[in-house]
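Comments concern the structure below.
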Amino acid sequence: MKYDAVIVGASVAGLYLGMRLARNRWRVCIVDRRREIGLPVRCAEATGNRAELARLLPVDEAWIAREVSGISVQLNRTTVVRRDIPDAGIVLRRDTFEQYLARLGLQHGAELRLNTPAVGLTQDDNGYTGIRLEDGSRIEASLIAGADGCESLVGRWAGITGPLHPAEAFTAAQYTLKSDFCNDGLMHFFVGAGNIPRGYIWVFPKADGLISVGAGLYGCNHDLPKAGWYLDRFVSSHLPEVKRGPKSAGCVPIALCPHALCRKNVMVVGDAARQVNPLTAGGIMNALEASLLAAEKLLSSRGSLEARLRSYSKAWYRRFRLEQKVFMMLKETYLGLPDAGIESVLTAASSAFSGSVDRSRPFIFPYLRLLGLGIRFLPHLRPHLRILAG
Ligand SMILES: Cc1cc2nc3c(=O)[nH]c(=O)nc-3n(C[C@H](O)[C@H](O)[C@H](O)COP(=O)(O)OP(=O)(O)OC[C@H]3O[C@@H](n4cnc5c(N)ncnc54)[C@H](O)[C@@H]3O)c2cc1C
């Protein structure tokens with residue numbers, strides 16, 4: 001049987017794209033090398049708020065672990081910026097979320113094959129015809145979508161992306177722990193050399209008295225300690241009594257996404273397309289948004305399949321490229337700051353952003369305070385403005 005689409009990767013991007021296409025009567029096959037949908041979870045699971053998610057799919061309480069009501073950024077014991085932001089976001093039960101997406105896809109007729117690694121693309125004189133599986137069999141399809149994550153092979157096989165440079169990887173490790181530590185509904189970030197140089201440590205609230213404690217590093221430097229080392233040091237110092245379970249680790253691309261997200265009848269989406277916020281290293285919302293955009297373009301009746309894929313690529317570029325560059329610039333600025341610089345920015349931010357924020361109008365702050373923040377921040381930002389032009 002020839003499918004309309006074969007999707008490599010049954011995680012947020014692949015499952016959501018597959019569901020949207022199957023809902024419109026496309027014959028879809030989604031393959032994943034994992035044995036179970038959603039597991040293991042290698043994610044802190046924080047994402048957009050209910051309204052943002054409701055634009056994409058019906059919200060189900062089963063996959064909401066916790067509402068987030070603000071953020072706190074801590075440099076040392078005295079410098080803390082804390083902001084109450086109603087509806088800041090939610091923390092998912094990501095395994096349940098992915099299982100929910102899979103169920104919707106199956107209900108609409110998508111086929112799902114687990115424990116099925118893709119090992120290559122197949123092609124004939126006219127172009128790509130499908131994928132090759134580890135057992136030697138093939139799946140034929142008109143469209144091949146790579147939703148295969150950070151180290152996407154589909155992107156490489158089709159010549160859309162290359163291997164990720166170590167500087168373009170955010171490597172992270174995390175524990176899920178039972179503790180009251182920072183378990184107040186806020187997302188807590190710990191920054192600065194005393195906590196973790198060139199990265200951040202997070203403590204996010206979860207359901208049932210649990211927290212996610214993780215450490216992430218911008219760029220992978222083989223001569224320096226790894227994210228897991230900083231995580232263990234943090235946990236030993238702040239949560240010495242807490243029993244640790246298994247440590248999970250993973251990688252997120254923090255590169256700008258390529259100019260073209262497709263080649264011939266092959267496309268990439270989600271982490272495979274590097275559609276990640278390079279400052280936060282969050283990719284769930286972007287993966288969902290990009291899958292929606294791709295589905296809308298593919299389902300439009302205008303043009304050949306290749307033309308519709310190019311239209312997805314261009315639309316993503318127009319909508320998100322500048323935003324990604326701004327976050328890239330902020331990340332580079334953050335990496336260039338010594339602790340004294342971070343402290344001065346946090347102190348200015350703390351007074352500029354005092355009180356609670358209306359999430360629908362987050363930039364309505366007292367102008368003079370905002371100006372003060374700008375004056376402190378601009379000298380650090382200036383060396384990285386060229387990223388916007390690139
Ligand atoms: C420790 C950690 C914490 C994070 N925390 C957050 C957070 O709090 N909020 C947030 O928004 N983002 C977070 N992220 C990033 C987020 O997890 C990713 O952006 C998101 O998972 C991207 O989804 P995806 O579907 O594109 O790719 P992935 O979730 O990476 O899924 C790729 C899928 O493809 C499959 N696959 C790969 N190769 C093949 C192959 N050859 N054949 C078959 N299947 C294949 C994999 O098994 C996998 O299921 C975190 C990441 C890490 C590592």
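Computed from the coordinates by the stated procedures, all read-outs in this text should not be read as laboratory data. Just so it is clear, the model here is predicted, and its values are computed rather than measured. For neighbour counting, all protein chains shown are included, and Cβ atoms are generated from backbone atoms with ideal geometry for every residue, glycine included.
Numbers for the structure displayed
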{"item": "Relative frequency of Cα-Cα separations exceeding 21 Å in region 167-252, percent", "result": "24"}
{"item": "DSSP-assigned coil residues among GluC sites (Glu not before Pro) in region 96-152, each with at most 13 further Cβ atoms within 10 Å", "result": "Glu134"}
{"item": "Student exercise, the chain dipole from Lys, Arg, Asp, Glu Cβ charges, in Debye to nearest 20", "result": "760"}
{"item": "Within-9-Å neighbourhood charge of Thr122 [Cβ basis; K, R +1; D, E -1]", "result": "0"}
{"item": "Angle between the chain longest axis and helix 305-336 axis [Cα atoms, degrees, rounded to 10]", "result": "20"}
{"item": "Furthest towards positive pole of dipole, Ile196, Ser142, Ala260, structure part the chain, Cβ charges", "result": "Ala260"}
{"item": "Using alpha-carbon coordinates, inclination of helix 284-299 to the longest axis of the chain, degrees", "result": "30"}
{"item": "Net charge, Asp148 excluded, C-beta distance under 13 Å - Lys, Arg +1, Asp, Glu -1", "result": "+1"}
{"item": "Footprinting exposure proxy for Ser212, Ser304 (fewest neighbouring C-beta atoms within 10 Å first)", "result": "Ser304, Ser212"}
{"item": "Sequence of Ile30, Ile71 once ranked by neighbouring C-beta atoms within 10 Å, starting from the fewest", "result": "Ile71, Ile30"}
{"item": "Global geometry of region 64-158, whether rounded, prolate or oblate, following the gyration tensor of its Cα atoms and the 1.5 cut on a/c", "result": "prolate"}
{"item": "Global form of region 219-285, assessed from the alpha-carbon gyration tensor, a/c cut-off 1.5", "result": "prolate"}
{"item": "Sorted largest first, extent of the chain alpha carbons per principal axis (Å)", "result": "64, 47, 43"}
{"item": "Fewest-first ranking of Thr122, Thr161, Thr78, using other Cβ atoms within 10 Å as the exposure measure", "result": "Thr78, Thr122, Thr161"}
{"item": "Candidates per trypsin sites (Lys or Arg not before Pro) in region 230-305, loop by DSSP, up to 12 other Cβ within 10 Å", "result": "Lys243, Arg302"}
{"item": "Helix 367-381 vs. the chain, principal-axis angle (Cα, 0 to 90°, nearest 10)", "result": "70"}
{"item": "Largest-first principal axis extents, alpha carbons of region 196-324, Å", "result": "61, 38, 24"}
{"item": "Per-residue [θ]222 nm for the chain (sum of -39500 (n - 2.57) over DSSP H runs n ≥ 4, rounded to 500)", "result": "-10500 deg cm²/dmol"}
